[in-house]
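Notes follow the structure.
The values are calculated or read from the model by the stated rules, or taken from the named source; none is laboratory data. From a predicted model like this one, the values you see are computed outputs, not experimental measurements. Neighbour counts run over all protein chains shown; Cβ positions are idealised from the backbone, glycine included. Just the protein is used for accessible areas: all its heavy atoms, side chains included, with ligands, DNA and RNA removed. Shrake-Rupley method; radii C 1.70, N 1.55, O 1.52, S 1.80 Å.
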Amino acid sequence: MRLTGPSWAWLGGPRSILLQAVALTAAGVLWLSPRFSSWIGSWKQALDLAAGSTGFIGPFAAGAACLAYARLRRSAVTELMAQGRHDLRVWVRPAVAVWSLACAALLTVALGATTLASLGGVPSYWGSVWILLPALVVVGAQTAIGAAIGFRSGRTWTAPMAVAGVYSVSLLMSSGVVPEVSTPGASPAPSAGSVSSPARSGHRRWPAWASPSSCWPPLTHRWPGRPGPVGSSSSPGVPLSSPGG
Amino acid sequence: MSMVVDDLRCCYSRGGPPVLEVDALDLEPGVCGLVGVNGAGKSTLLRTLAGCRRPENGRVRIDEVALYGPARRTVVGRIGYMPQQLDLPGEMRVGDALAYATWVRGVPAAASRVRNPTLLERVGLARESSKRVAQLSGGMNRRLALAVALVTDPDVLLLDEPTTGLDPAQRAALRGIVSDLDGTAVTVLSSHVMEDVAMMASRIVVLHEGRLRHDGPIDAFVAERGGPDASAEFAFLATIAGSVQ
């Protein structure tokens, strides 16, 4: 893959782009590692928590997009863009590039986690992989927020603020302070086909991507019939399959 | 080929005082010097002529087609614009940066692959095509910006202070390049360095406080207003001071 084409123009050179890809993947790994004991014995739980790594990958992606668009805004290339004939494509390319890096990181993390779980001898449930799609959409939204902040401000120093802002908004959503659209946390357990918590069914009014309990490493939940603690899945719904997969 | 401006008015804020008011301006093939002190409205006029800034009032037409009308796409590609400062990504190689600018302007990739090496040759950057943009000197950067302005093989070429900040040798080199351009294009050269304008342009337009103060052949302008030494600078100062109307 050439990292010098139009898509990558505002993400820095090839080295910087690779660094961003590594950082995004590391963010996903950082998300998963404190929860190691909860997913290593379950393929579905591994997939579920990997999908929830948007909690860290998304804010990083927002920061990268913010940086790219701030640079773009400060250059006079926006004048050339205003003159261009295929307007929208030119404007969204940097965001799409950041998003694709974040998607690659998320998929890498998911592949790594599920492979590790498989190595433990648990069966794979490839039919549940679709739960990664909403996670990718969430990352796209977080990237778009970062891009908007960067373009609006035109200042590169707003990138850390975009990271903190997106992460804070996700936390607020997960704690119910603001309507929940995307939160740092795993995808709903039923989506993962893992388990659900009947005690909490029907309590959420907004679509849930994750539970607040999945935001912090201390894992206190015990799902019915599960040998170890699990911390992510708590959304209402009907399980797609029996626990322990 | 002509560019016609009618009843143009630009404001920085809605309902605010106009920063640029041009009742009529007819631009024909050849180099026209646009001069004025800082803040006179030169860049605003050029950005409006380039299609980057919609005026609050008035029309800009190229061969009777309105630049800000429904057929904008058919004419905007015929305009080449060199902004005062063009910051292409510093980590890009010169050849890639030009290819990127070409893509932004909507030139088909096949055409740009053929044209771009010729363009770099024309502006004297062929040997620097594999250098990074950040490694270019100020003069080379301006030449790259000129190459960017030429990517669409424009019929209208708008150069915003192309020689500002350059040393005398680099200014002379850039003047040489502009003088060698095809004379069939409408070229507007904005500058507050009268020496440059006197050497490159055949016509002069003086802009002061957002209004046209003079429009005519440069020879007559200097002869009539340049004092005993026939100085272009003196003629300009006399014009903006209003001593000669």
In the stretch B:78-107, how many are at the interface with another protein chain (Cβ under 7 Å from one of its Cβ atoms) and open to solvent by less than 10 Å² (accessible area, probe 1.4 Å)?
8
So for the stretch B:77-96 (the condition being part of a helix (DSSP H, G or I) and either of a type in the set (S, T, N, Q) or in contact (Cβ under 8 Å) with a residue 24 or more places away in the chain (or both)), does at least one residue qualify?
yes
Having 1 or more residues that are away from chain B (no Cβ under 14 Å) is the bar; report the helices (runs of 4 or more DSSP H) wholly within the stretch A:61-166 that clear it.
A:87-119, A:132-153
Give the number of residues within the stretch A:1-51 that are open to solvent by 10 Å² or more (accessible area, probe 1.4 Å), β-branched (Val, Ile, Thr), modelled with pLDDT of 80 or more and touching a helix residue (DSSP H, G or I) at 6+ places or on another chain (Cβ under 7 Å).
3
Checking A:ARG93, A:ARG89 in turn, the sole residue that is touching a residue at least 40 places away in the same chain (Cβ under 8 Å) and out of contact with any Phe, Trp or Tyr (no Cβ under 7 Å at 6 or more places or on another chain) turns out to be A:ARG93
Of (1) within 14 Å of chain A (Cβ to nearest Cβ); (2) surrounded by fewer than 23 Cβ atoms within 10 Å (Cβ to Cβ); (3) touching a residue at least 12 places away in the same chain (Cβ under 8 Å), B:VAL37 fails just (1)
Checking B:GLY58 against (1) surrounded by 16 or more Cβ atoms within 10 Å (Cβ to Cβ); (2) under 13 Å from the mean Cα position of the chain (by Cα); (3) more than 9 Å from chain A (Cβ to nearest Cβ), the condition it does not meet
(2)
Quick check, is B:GLY183 without any contact (Cβ under 8 Å) to a residue 12 or more places away in the chain, under 28 Å from B:ALA101 (Cβ atoms) and not polar (S, T, N, Q)?
no
Restricting attention to helices (runs of 4 or more DSSP H) lying wholly within the stretch B:187-245, give those where 2 or more residues are within 15 Å of the chain's Cα centre (by Cα).
B:194-200
Pair list, Cβ < 6 Å and 6+ apart or interchain, from the stretch A:61-86 residues that are open to solvent by 10 Å² or more (accessible area, probe 1.4 Å) to residues that are assigned to a helix (DSSP H, G or I)
A:ALA64/A:GLN20; A:ALA64/A:VAL98; A:LEU67/A:ALA159; A:TYR69/A:ALA147; A:TYR69/A:GLY150; A:TYR69/A:PHE151; A:ARG73/A:PHE151; A:ARG85/B:ARG73
How about the stretch B:125-161: which of its residues are part of a loop (DSSP other than H, G, I, E, B), open to solvent by 50 Å² or more (accessible area, probe 1.4 Å) and more than 15 Å from B:GLY90 (Cβ to Cβ)?
B:ASP153, B:ASP155
Looking across the stretch B:167-186 at residues that are in a loop (DSSP other than H, G, I, E, B) and at pLDDT 80 or above, the single one that is surrounded by the most Cβ atoms within 10 Å (Cβ to Cβ) is B:ALA185
